[in-house]
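Worksheet: the structure to be examined is printed underneath.
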Amino acid sequence: MVKLIKKGVYYTEGRIVKEAQAFFTSDKKEAAVKNTLSYAILKAHNAGDEENLRIRFDAIASHDITYVGIIQTAKASGLKEFPIPYTLTNCHNSLCAVGGTINEDDHVFGLSAAKKYGGDYVPAHIAVIHQYMRECAAKCGAMILGSDSHTRYGALGTMAVGEGGPELVKQLLRQTYDVKRPPVIAVYLKGKLRKGVGPQDVALALVKATFASGFVKNKILEFVGPGIANLSMDYRIGIDVMTTETTCLSSIWETDEKTQEYFRIHGREGDYKKLTVTQPAYYDGAVVIDLSRVEPMIALPFHPSNAYTIREFLENPVELLKKAEEQGRKLKGDDSFTLTDKVKDGKVYVDQGVIAGCAGGGYENVAEAAEILRGRSVGTGEFALSVYPASQPVYKALTEGGYVGTLMEAGAVVKTAFCGPCFGAGDVPANNGLSIRHTTRNFENREGSKPAAGQLAAVALMDARSIAATAANGGVLTSALDYEYNKRIKKYKYDGKIYENRVYHGAGKPDPSAELVYGPNIADWPEQIALGKNLLMKVVSVLTDPVTTTDELIPSGETSSYRSNPMKLAEFALSRKDPGYVARAKAVAAEEKTRREAGALPESVLAGLGGFVPEEGTIYGSVVVSNKPGDGSAREQAASCQRVLGGVANICREYATKRYRSNLINWGMLPFTAAKIDLSVGDYVYIPNIADAVATGEERVVATVISGGRMRDVALELGALTDDERKILLAGCLINYNKEKAGL
C-alpha cells in the first residue's frame with residue numbers, strides 16, 4: 001500500500017516519474033525544483049539566501065507546558081510586545097490536578113502576558129492547540145511555528161513547523177528561524193479508502209514505511225495526486241498531523257474546493273487560496289500511497305512505527321505481543337509485565353479505548369465512531385471508552401447531531417478538549433493494562449506509568465473506527481472493516497460564537513501597563529555561564545537505547561506541572577531511564593561552582609584526571625552520551641533541564657530530530673556527534689581551544705578522553721552551525737546572546 005522511491009522524481013502530467021525515466025534536461029530540472037509548493041512558500045518567507053534559509057513566520061502558537069518558559073526567556077531578552085500573532089492555548093495541564101495551584105497559576109500568567117504583550121489566549125477545555133489553530137489561524141500559503149512537535153497544518157495549505165521554545169523566542173525578538181534548505185519529498189496519493197478505514201490507518205502505514213530508515217527525516221512532505229480529492233478535510237488533517245512521527249520537518253498539501261469549503265464554514269474564506277503544483281515539479285524522492293489498499297492498522301507498543309495491519313496482527317498476536325512484552329520487561333526490570341495474557345481463545349482483549357486530541361478528536365472521527373456504536377454497548381466489564389472532541393465547536397456540533405448522546409448511550413464517557421491522553425496526564429491505564437488510542441504517540445511510559453515505582457502499562461495506536469468496533473465488541477480487538485455502520489454523517493456546523501465569547505483576542509493590542517501575574521512556582525531561568533576557552537566534561541549518563549525520545553529525557557505527564565520552575569522540573573530529568581543522573585549532574589555542577597569561586601578545579605576532579613591538568617581558562621560541566629536522542633516532542637525542557645543541572649554538551653551518533661539539536665544549541669550545549677562512541681559514566685572529555693573552534697566555524701574538534709588513568713584522542717563533530725548559533729554557544733545560551741545584543 002506504500003511504496004518508497006528514494007531517488008529523484010518528477011511530478012508531471014499528474015503522475016510520478018523517476019528522474020532516470022523523465023529525460024528532462026538540466027535546465028528543465030533547475031526550473032522544476034522551483035515548481036514545488038514548498039519552494040514558493042519558503043521563498044515568500046525567507047530573509048536569507050537560496051540555500052541558507054532565514055524564515056520569518058506569520059504566526060506562532062504555544063500551549064501551557066511551554067508558553068511560560070518562552071515568555072520568561074523573551075522577557076529576559078528585552079521583549080516589549082509580541083510582533084506577530086501569538087496564540088497561547090491551555091490544553092495540556094488543564095486538569096489542574098497536580099501540585100496544588102501551580103497549573104492554574106500558569107494559566108493566569110498566560111492571560112496576563114496576552115494582555116501585556118498583545119496575544120490571543122484560549123482558556124482550558126476550549127480547544128486543543130492544533131484544532132484551534134486550524135479553525136482560527138491557518139491560511140493558505142502561510143507559515144506557522146509552534147512549540148509543540150505536532151504543529152502541522154499542511155492540509156490547510158499552511159506550512160507549519162514544531163520546534164522548541166527558544167525558536168519561538170527568536171520570532172518574538174524579530175530574529176529568524178535558520179535552516180538549510182530542506183529536501184522535499186512528494187507524497188503521491190491515489191485511489192480511495194474503503195469504508196471502515198480512517199486517517200490514522202493511512203498515517204500509521206506512512207510512519208511504518210518511513211521512520212526506521214530515516215527516509216524523510218528533516219524533509220518536507222508535499223502531498224499531491226488524485227487521491228487527495230477522495231479525502232475529506234478531516235481525513236486530510238488526521239493524516240497530516242501524524243507526519244510528525246515520520247520525523248519530517250513539515251508538510252504541505254495541494255488545496256481544492258474542499259479546502260475552500262473548510263475555510264468558508266469557519267468564516268474565513270478570505271484565507272483560502274488554491275495551491276497547485278506547477279508541473280513538471282522535481283522532488284528529492286517520493287512516497288506513493290494507494291489508498292484503496294490501505295487496511296485498518298495497529299501500532300503496537302512502544303512506537304508509532306511498530307505498525308501492522310490489524311489482519312496481520314490478529315493472525316499472530318502472541319508472537320507480536322511477546323516482542324513488546326520483552327521490551328516492557330527490560331523497562332520494568334523484571335518479568336511481571338505481561339501482554340501475551342491479553343490473548344484468550346484466539347482473541348485479543350484490551351482494557352481501554354481513547355479517541356482524543358489533535359489526531360483523534362475531529363468531528364468525523366467521533367461521528368463515525370458513534371455510528372459504529374449506535375445501538376450497541378461497550379459492556380460493563382473492565383473495558384472503558386473515553387472520547388475527547390478536539391474543541392468546543394466540535395463538541396457542540398457532535399451534540400446537536402446526536403452523536404454525543406449515541407456515545408453516552410453506548411457507555412462511552414465524553415469529555416472536554418484535552419491533550420492529556422496523548423502525553424500521560426489523563427486516562428492512565430492500570431498496571432499491565434493495554435490501551436488502544438487514536439492519539440499521536442505510544443512511546444514508552446508516555447501514557448503515565450512509572451517503571452521505577454513498579455508500574456508499566458502499554459498503548460497501541462489505532463483509528464477511531466476500529467477502536468469503536470472494538471468497543472462494540474466488548475473490548476475484543478476488532479477491525480472496523482468487520483462492522484456494518486452508516487458512514488453518512490451529518491454535515492458539520494461550526495459555531496464561532498464559542499470563541500468570540502470566551503477567547504481573549506488581544507493580538508496586535510499590547511497594554512504595556514498591564515502587570516504579569518506570577519504564581520509561587522514560576523521561577524526565572526538560572527544564570528548560565530559563557531563557553532570558556534577550553535572545556536572539560538564529565539560523562540554523567542550513557543543511554544544505550546537505539547533511539548531516546550524526549551519523553552525519556554524529561555518525562556511528560558504530571559512532571560510537566562513543574563515546567564515553569566526550571567530547577568524543580570530538572571529533578572525529573574532522565575528519571576525513567578537513568579535514576580542516578582540528577583545526582584551525578586548536580587555533583588559536577590557543585591564542583592564547577594567550586595572552580596569558579598576558588599579559581600581552580602577541586603581536588604575531587606583532579607584526582608579523577610589522574611595527573612592530567614587542564615589549561616587555564618577551562619570551564620567544567622557534565623555531558624550525556626546516547627545513540628540517537630530527541631525523537632518525539634519539541635519540548636525544550638529535554639535540553640534545558642540538562643543545562644540548568646550543569647550540562648554543557650551531548651555526544652551521540654546522530655540526532656533524531658533537528659528540533660532537539662536546536663534546543664541544545666539554544667541552551668548553550670554543544671551538539672557533538674561521533675562515528676564511534678566508547679564512553680562510560682565517570683569518564684572525562686577535554687577539548688582545548690573549543691571557543692576558538694566554535695568561533696571560527698570548525699566542524700570537527702579533537703578531544704582527549706581520560707578514563708581509568710588512561711588517555712586517548714577522539715574526534716567529535718560539531719556539524720554545520722550558523723553565525724548566530726555559534727554566537728549563542730559562545731554566549732552560553734540564547735538568553736545571554738540576546739542580552740548582549742540588547743546591551744542588557
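Laid out as a table, the results:
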item: By average C-beta atoms within 10 angstrom, highest first, the peptides 395-401, 596-602; result: 395-401, 596-602
item: Difference of contour (0.36 nm per residue) and Cα-Cα distance, Asp723 to Asn486; result: 79.5 nm
item: Amide H within-cut-off set for Lys273, under 5 Å, with H built and near neighbours excluded; result: Cys140
item: Protection proxy ranking, peptides 720-727, 65-72, average beta carbon neighbours within 10 Å, highest first; result: 65-72, 720-727
item: Derived scalar couplings ³J(HN,Hα) [region 181-198; Karplus, 6.51 cos²θ - 1.76 cosθ + 1.60; whole Hz; x for Gly, Pro]; result: 3, x, x, 10, 10, 7, 10, 9, 9, 9, x, 9, 5, 7, 4, x, 9, x
item: Arg712 versus Val613: modelled label distance in nm, points set 7 Å from Cα along the beta carbon direction; result: 2.7
item: Cα-based convex hull, region 315-497, per residue volume (Å³, whole number); result: 105
item: Bridge type composition, the chain - antiparallel percent by DSSP, nearest 5; result: 40
item: Helix-only CD estimate at 222 nm, as mean residue ellipticity for the chain, using -39500 (n - 2.57) per DSSP H run (n ≥ 4); result: -9000 deg cm²/dmol
item: Residue-wise HN-Hα coupling along region 710-719, computed from phi with Karplus coefficients 6.51, -1.76, 1.60 (Hz; x: Gly, Pro); result: 9, 10, 8, 9, 9, 8, 10, 9, 8, x
item: Efficiency of FRET from Cβ geometry, Asp524 and Val98, R₀ 25 Å, rounded to 0.05; result: 0.65
item: Selection from Asn736, Val702, Ile687 lying farthest towards where the dipole of region 597-744 points positive, charges on Cβ; result: Asn736
item: Amide hydrogen neighbours beyond the local backbone of Glu636, cut-off 5 Å, H modeled; result: Gly165
item: Region 534-742: translational diffusion in µm²/s, Stokes-Einstein, Kirkwood Rh over Cα pairs, 37 °C, 0.692 mPa s; result: 192
item: Fraction of antiparallel bridges per DSSP, region 534-742 only, in percent to nearest 5; result: 45
item: Inter-probe distance in nm under a simple model that places probes 7 Å from Cα toward Cβ, at Asn627 and Ala583; result: 2.7
item: Residues with amide H under 5 Å from that of Gln279, placed H, sequence gap 5 or more; result: none
item: The chain: DSSP helices with Cα axial extent of at least 20 Å and average Kyte-Doolittle hydropathy no lower than -1.0; result: 102-117, 581-598
item: 20 Å binning of all Cα-Cα separations within the chain, expressed as whole percents from 0 upward; result: 17, 51, 29, 3
item: 3J(HN,Hα) from dihedral phi, region 570-579, Karplus parametrisation 6.51/-1.76/1.60, rounded to Hz, x for glycine, proline; result: 4, 4, 8, 4, 6, 4, 8, 10, 8, x
item: In Å, descending, principal axis extents of the Cα set of region 317-369; result: 41, 28, 16
item: Charge dipole (debye, nearest 20) of region 143-294; +1 at Cβ of Lys and Arg, -1 at Cβ of Asp and Glu; result: 220
item: Inter-label distance, nm, simple model (7 Å from Cα along the C-beta direction), Glu597/Lys533; result: 2.5
item: Segment Lys29-Asp341, length gained on full extension (0.36 nm per residue, minus Cα span); result: 106.7 nm
item: Net charge dipole size for the chain [Lys, Arg +1 and Asp, Glu -1 on Cβ; Debye, nearest 20]; result: 1120
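All of the numbers you see were taken from the coordinates with simple rules; none came from a lab. These numbers come from a predicted model, not from an experiment. Because the Cβ atoms are built from the backbone with ideal geometry, glycine has one as well, and the counts that use them run over all protein chains shown.
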